[in-house]
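See below for the structure under consideration.
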Amino acid sequence: MLEGKQNGQVFKLPKVILLATNITNVELEKAKAAGFADTVIMKPMRASMAAACLQQVLGIGKKRQAGKNMLNGSMALQGLLCGKKILVVDDNMVHQRVVAGALKKFEVAVECRESGKAALKLLQLPYCFDAYFMDIQMPEMNGFEATHPIRMMESKANKQMNGGMDEDSGRKGEWHVPILAMTADVIHATYDALNAGWMDVSKPFEEAKLYQVVAEFFKSTRSNCFT
Amino acid sequence: MERNPMRRQLAIMRQSLFDQGHVDEQFVQLEELQDDANPNFVEEVVTLYYRDSARIILNIEQALERKPFDFRKLDAYMHQFKGSSSSIGAKKVKAESTLFREYCKSGNGEGCMRSFQQLKKEYATLRKKLGTYFQLARQAGPVETASRPK
């Protein structure tokens with residue numbers, strides 16, 4: 001699990017991974033604001049990208065050989081991601097199948113749902129998922145609406161946990177399920193996310209930045225609100 | 001270079017799918033997910049795509065029979081279709097979906113109808129080509145690894 005310190009507290013980060021289609025580096029940089037999503041992935045899901053992002057947000061295996069095709073790299077990643085439990089929420093059955101296929105390749109246990117509502121039922125504390133891949137453009141509930149209740153719930157629980165914590169008493173996790181948001185239209189998604197102070201985006205292989213962004217998120221989480 | 005003539009034919013057919021722009025990189029992604037544990041992954045996902053698409057196409061057809069057009073609904077349907085098409089790497093179909101959505105956004109009914117006809121054509125062509133391809137693949141036996149088209 002990725003860990004970071006904020007005011008002496010160490011937190012675990014279940015990751016919000018955004019899946020988006022046309023993200024540019026500029027947009028990615030612009031979207032680095034405190035928020036609910038931990039990273040953006042372009043739709044359709046590339047298997048290697050899914051694993052890389054997941055690996056990254058779960059803070060697994062810092063050294064990864066770049067340039068290896070997935071078939072070679074998969075052996076190393078397989079061990080690292082094996083046994084992780086991921087929730088995938090996408091109302092597009094075909095894409096859902098592709099995402100599940102990609103994750104299962106790394107021996108990740110995948111659970112799929114078609115709606116934000118169904119996902120919210122599964123994402124109650126304590127979590128049984130290590131991360132949550134979520135389409136943020138579903139009709140009945142968009143990604144922001146699906147993650148806000150989660151972050152609010154976490155915020156509440158974390159507030160209750162905060163009493164009596166200090167650096168010496170050891171490490172204690174704060175609730176923050178990694179949400180990997182998927183979108184086919186990242187330009188608009190990042191725009192909306194920025195306006196809402198929603199998105200917290202990180203590129204793979206930039207752990208330090210991810211930590212910093214998420215740390216900022218925890219600081220500002222109470223003031224963030226979106227319609 | 002494949003020695004088995006059937007496998008060679010399969011490779012040529014596969015290459016032409018890319019060269020003619022019917023499929024893109026995403027199709028390779030599907031192929032890479034196919035292995036001994038999932039020997040028919042590509043065909044399974046594509047079959048799912050056909051089922052999903054049939055439903056959406058019917059919805060769009062019905063929606064296009066109601067005047068005035070509900071562009072918001074049409075766009076929503078096409079968003080779904082584009083998502084599915086994109087997931088299997090159906091390049092031309094995806095491009096036509098994008099065009100249709102542009103027409104929806106600008107409220108161009110004529111454009112929508114034209115684009116939809118074209119889309120159905122591309123979709124039918126894709127189905128035919130993939131159908132032949134999978135049939136040959138089954139006859140040729142399992143392929144070892146996906147190779148990048150160039």
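Rule-based calculations on the coordinates, nothing more; no lab input. Note that the structure is a prediction, hence the values are computed from the model and not measured. Positions of Cβ are generated from backbone atoms using ideal geometry, with glycine treated the same way; all protein chains shown enter the neighbour counts.
Write out the trypsin sites (Lys or Arg not before Pro) in the range B:51-127 meeting two conditions: DSSP loop, and at most 11 other Cβ atoms within 10 Å of their Cβ.
B:ARG66
Could you rank the peptides A:82-91, B:33-42, A:47-56 by their average count of other C-beta atoms within 10 Å per residue, with the highest value first?
Ranked by mean Cβ neighbours within 10 Å, highest first: A:47-56, A:82-91, B:33-42.
Other chains near A:83-95: what is the mean number of their Cβ atoms within 10 Å of each residue's Cβ?
For this peptide, the per-residue mean of nearby foreign Cβ atoms is 4.
What is the Rg over Rh value, at two decimals, for the range B:4-72, using alpha-carbon atoms and the Kirkwood definition of Rh?
Expressed as Rg/Rh, it is 1.17.
Which is the longest part of chain B that has none of the GluC sites (Glu not before Pro) sitting in a DSSP loop with at most 14 other Cβ atoms within 10 Å?
So the longest stretch without any such site is B:3-143.
So if I average 1/r over every pair of distinct C-alpha atoms in the range B:58-150 and take the inverse, what Kirkwood radius in Å does that give?
14.6
Going by Cα centres, the range B:110-130 and the range B:1-76 are how many Å apart?
Centre-to-centre distance over Cα atoms comes out at 13 Å.
Fewest Cβ neighbours within 10 Å first, please rank B:SER16, B:SER87, B:SER106 accordingly.
Least crowded to most crowded, the residues run B:SER106, B:SER16, B:SER87.
Can you show me the helix-derived [θ] at 222 nm for chain B, built from DSSP H runs with n ≥ 4 at -39,500 (n - 2.57) apiece and divided by the number of residues, rounded to the nearest 500.
-25500 deg cm²/dmol
Counting partner chain Cβ atoms within 10 Å of every residue's Cβ in A:97-107, what's the average?
Mean inter-chain Cβ contacts per residue within 10 Å come to 5.
If you count, for every residue in A:46-57, the Cβ atoms of partner chains within 10 Å of its Cβ, what is the mean?
1
How do B:PHE81, B:PHE18, A:PHE106 line up, fewest other C-beta atoms within 10 Å first?
Final ranking by Cβ density, sparse to dense: B:PHE18, A:PHE106, B:PHE81.
Taking N as the number of residues in the range B:1-139, what value does Rg over Cα atoms divided by 2.2 N^0.38 Å take?
For the range B:1-139, the normalised Cα radius of gyration comes out at 1.16.
Going down the list A:LYS104/B:LYS129; B:LYS82/B:LYS121; A:LYS43/B:LYS91, which pairs span over 20 Å between their C-alpha atoms?
Those over the limit are A:LYS104/B:LYS129.
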